[in-house]
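The values are calculated or read from the model by the stated rules, or taken from the named source; none is laboratory data. Being a predicted model, the structure only gives us computed values, none of them experimental. Every residue, glycine as well, gets a Cβ built from its backbone with ideal geometry; the counts of neighbours run over all protein chains shown.
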Amino acid sequence: MPNVNKSSSYTTVVLLGVVATVGSNSLVLSPILTDVSQGLETSPAITARAIAAYGGATALSAVLLAPLIDRFGSRKMLLRGLLALFVGIALSSFAHNWIMLALAQALAGLGAGVVLPSTYALATKTAPKGQEARVLGRVLTGWSLSLVLGVPVSAVIADALGWRACFATLGLLALATLLGLRLIPNDQPNDLGARLSFIRSLRDAVTGDIALLLMICFAYMIAFYGVYPFIGDHVRSRLGASTSFAGLFSLAYGIGFGAASLADGILDRYDAKRLFPFALLGIGLTYAAIVPAGADLSLLLGICLLWGFLNHFGLNILVLLLSAAAGEARGAVLGINSAVTYLGALSGAALFGLIYEQQGLARIALLAAGFLLAAAVTGWCRLLRGRTDPVRSGQ
């Protein structure tokens, strides 16, 4: 038993590192967006198209390749996805225009579309029975680690060595997780019946619980990726902050996200589905609070802290409910979730970027608040009408 626990702990740490790597690459452009734009001699809105390319490629990969997770096993697909992610990040450091950067990030996105659902599936598959929620919560803390360390450190590196050094550093991190993953044994792929259940999962996605969760996921992610990438540019170009200081906003968000993991036990004791609308409402109100806080650096830091805290619960509940609804087709359904996630990222970065360039942070924050409040109301209506069965986290 001690050896089993030790192996499980090592797997959790490596998977946490995988999520931290993906998270760092996904979010690093926010505090260095101004520097990258200047280096490539273009505008922040155009440079943000690299985020859209990453999101679109991730969505495509998640739809086409994530079903292979159930066929070949989570670890094998995770290794292949990490290799593509590593190459894409490394090539980003050599980009000489926004098109090259977008293509490199698209390659990284093709890897990430497999990496995230493989990671979540492997985490829940290898977790001790009855501890799936806690293990998944620890793995999701990789997003916090990327924000607390990865993104702020990248901002400091950009100040000292230039933005290309940021991607070079992230490439080394991706390589380290790739090597660490090789020490984890292969998991068993699902049998033919489980793989065929992917078709049933697609059918359920049209009418069942999965449909509601995916719609909420899209609203959730278009709001996040529509606002987060432009926080750094807002404090740089409109409030006069330095690149390193802009990194503090990612740090504040990450601290809040990580602190929330200490309260993950709540999701083991209460019905996560009924908590979900409250989490969405809180996040929506946080977006609305950015409007009056946008002109004050201290207030905006506080809002980012609260934003991260609430987003941890929202993301954890979303993944847990999808995993529970998917059954044996976990890899396929989580792949669909990743596709929807990064379609939201693509839409948020591209569409919100145009609005931000013309009307500023306050307008896109209000738009994001509208998406989250609509998601909360949708969730409440389904619950109040009793159209979904209660699903507790970890079951």
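In the list Ala102, Ala95, which residue meets the criterion of being closer than 24 Å to Ile231 by Cα, modelled with pLDDT of 80 or more, of a type in the set (Gly, Ala, Ser) and in a helix (DSSP H, G or I)? Spell out the reasoning first.
On the way: Ala95 fails: in a helix (DSSP H, G or I).
Unique residue meeting the criteria: Ala102.
Looking at (1) among the small types (Gly, Ala, Ser); (2) assigned to a helix (DSSP H, G or I); (3) modelled with pLDDT under 85; (4) surrounded by 24 or more Cβ atoms within 10 Å (Cβ to Cβ), find the lone condition where Ala66 falls short.
(2)
Quick one: in the range 115-138, which of the residues that are closer than 18 Å to Met77 by Cα and in contact with a Ser or Thr (Cβ under 6 Å, 6 or more places away or on another chain) is surrounded by the fewest Cβ atoms within 10 Å (Cβ to Cβ)? Reasoning before the result, please.
Kept after step one, since they are closer than 18 Å to Met77 by Cα, are these residues of the range 115-138: 115-126.
Imposing the further condition that a residue be in contact with a Ser or Thr (Cβ under 6 Å, 6 or more places away or on another chain) reduces the set to 116-118, 121-122, 124, 126.
Details: Leu116: 28, Pro117: 34, Ser118: 33, Ala121: 28, Leu122: 27, Thr124: 23, Thr126: 19.
In this case the residue turns out to be Thr126.
Among the residues of the range 147-159, is there at least one that is among the hydroxyl-bearing types (Ser, Thr, Tyr), at pLDDT below 80 and crowded, with 24+ Cβ neighbours inside 10 Å? Step through it out loud before you land on a result.
Filtering the range 147-159 down to residues among the hydroxyl-bearing types (Ser, Thr, Tyr) leaves 154.
Adding the requirement that they be at pLDDT below 80 leaves 154.
Cutting the leftovers down to crowded, with 24+ Cβ neighbours inside 10 Å gives us 154.
Among the residues of the range 147-159, at least one is among the hydroxyl-bearing types (Ser, Thr, Tyr), at pLDDT below 80 and crowded, with 24+ Cβ neighbours inside 10 Å, which makes the answer yes.
Suppose we filter Leu79, Leu68, Leu15, Leu33 for residues that are closer than 19 Å to Ile364 by Cβ and not polar (S, T, N, Q); which single one remains?
Numbers: Leu79 fails: closer than 19 Å to Ile364 by Cβ; Leu68 fails: closer than 19 Å to Ile364 by Cβ; Leu15 fails: closer than 19 Å to Ile364 by Cβ.
Of Leu79, Leu68, Leu15, Leu33, the one residue that is closer than 19 Å to Ile364 by Cβ and not polar (S, T, N, Q) is Leu33.
Tell me the residue from Leu251, Leu196 that is surrounded by 21 or more Cβ atoms within 10 Å (Cβ to Cβ), at pLDDT below 85 and in a helix (DSSP H, G or I), please. Talk me through it step by step, then tell me what you get.
On the way: Leu196 fails: surrounded by 21 or more Cβ atoms within 10 Å (Cβ to Cβ).
Exactly one residue qualifies, and that residue is Leu251.
Which of the numbered conditions does Leu85 fail, given that it passes all the others? Conditions: (1) under 22 Å from Thr141 (Cα atoms); (2) out of contact with any Gly (no Cβ under 7 Å at 6 or more places or on another chain).
Answer for Leu85: the failing condition is (2).
Okay, residues lined up against (1) touching a residue at least 24 places away in the same chain (Cβ under 8 Å); (2) under 14 Å from the mean Cα position of the chain (by Cα):
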site: Ile32; (1), (2): yes, no
site: Ser37; (1), (2): no, no
site: Ser43; (1), (2): yes, no
site: Ala57; (1), (2): yes, no
site: Ala62; (1), (2): yes, yes
site: Leu110; (1), (2): yes, no
